[in-house]
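I have placed the structure first, in the form of structure tokens, so that the comments after it can refer back to it.
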């Protein structure tokens with residue numbers, strides 16, 4: 001039995017051009033979704049690192065506050081009212097602008113002592129420091145003195161930095177927590193290399209009773 005021309009038209013499928021157009025639209029939409037997903041993942045990672053860096057900065061402020069208890073304890077010479085040298089980090093107070101890298105612990109575990117941290121915010125020892133994700137520098141300034149020109153009030157500033165590695169950066173930073181270097185100047189010279197945050201607190205000396 002012969003089919004009419006109308007019946008043949010009703011049973012037409014998609015042409016190759018229509019299939020290609022549909023695939024093109026699908027690919028464009030998929031590319032947009034993948035780009036958004038990549039940007040979302042990167043933004044979440046950046047936010048997580050920023051949150052971890054803030055936690056590390058405040059953790060170091062607490063370490064310095066704990067270190068100050070050695071400044072308030074009596075020394076063997078009771079008449080010596082200034083025993084700042086008993087502290088671990090605060091004794092590095094100097095002229096404004098003097099930053100330093102706290103001494104790296106030589107052995108594992110390094111909890112509570114290291115300036116180097118991994119992605120989870122755990123202290124690293126000296127052997128693992130070249131692989132650090134976050135690094136800490138400190139600056140201790142004297143902001144008040146007594147009549148004997150000895151410090152009675154300090155300003156402790158914590159700097160935490162981690163790699164940014166944007167395409168605009170012309171630097172190739174290596175192990176960033178094995179020795180001190182001027183990270184702010186490096187970022188100025190090579191924009192897009194480092195994320196940097198600061199936290200500060202005041203620490204007062206208590207008079208020996």
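The values are calculated or read from the model by the stated rules, or taken from the named source; none is laboratory data. The model shown is predicted, which means the values in this text are computed figures rather than measured ones. We place every Cβ from the backbone using ideal geometry, glycine too, and count neighbours over all the protein chains shown.
Please pick out the residue among 66, 35 that is at pLDDT 60 or above, surrounded by 10 or more Cβ atoms within 10 Å (Cβ to Cβ) and either in contact with a helix residue (DSSP H, G or I) (Cβ under 9 Å, 6 or more places away or on another chain) or farther than 30 Å from residue 198 by Cβ (or both). Answer to the selection: 35. Residue-level analysis places residue 188 among those that are modelled with pLDDT of 85 or more, outside any strand (DSSP E or B) and farther than 16 Å from residue 115 by Cα. In region 83-126, how many are farther than 17 Å from residue 181 by Cβ, in contact (Cβ under 8 Å) with a residue 60 or more places away in the chain and not in a loop (DSSP other than H, G, I, E, B)? Matching residues across region 83-126 total 3.
Any idea which residue in region 127-144 is nearest to the chain's Cα centre (by Cα), counting only those that are free of Cβ contacts under 8 Å to residues at least 40 places away in the same chain and surrounded by 13 or more Cβ atoms within 10 Å (Cβ to Cβ)? Selected residue: 128. Suppose the filter is at pLDDT 90 or above, within 28 Å of the chain's Cα centre (by Cα), under 16 Å from residue 158 (Cβ atoms) and loosely packed, with under 12 Cβ neighbours inside 10 Å; does residue 51 pass it? Taking the combined requirement at face value, the residue satisfies it.
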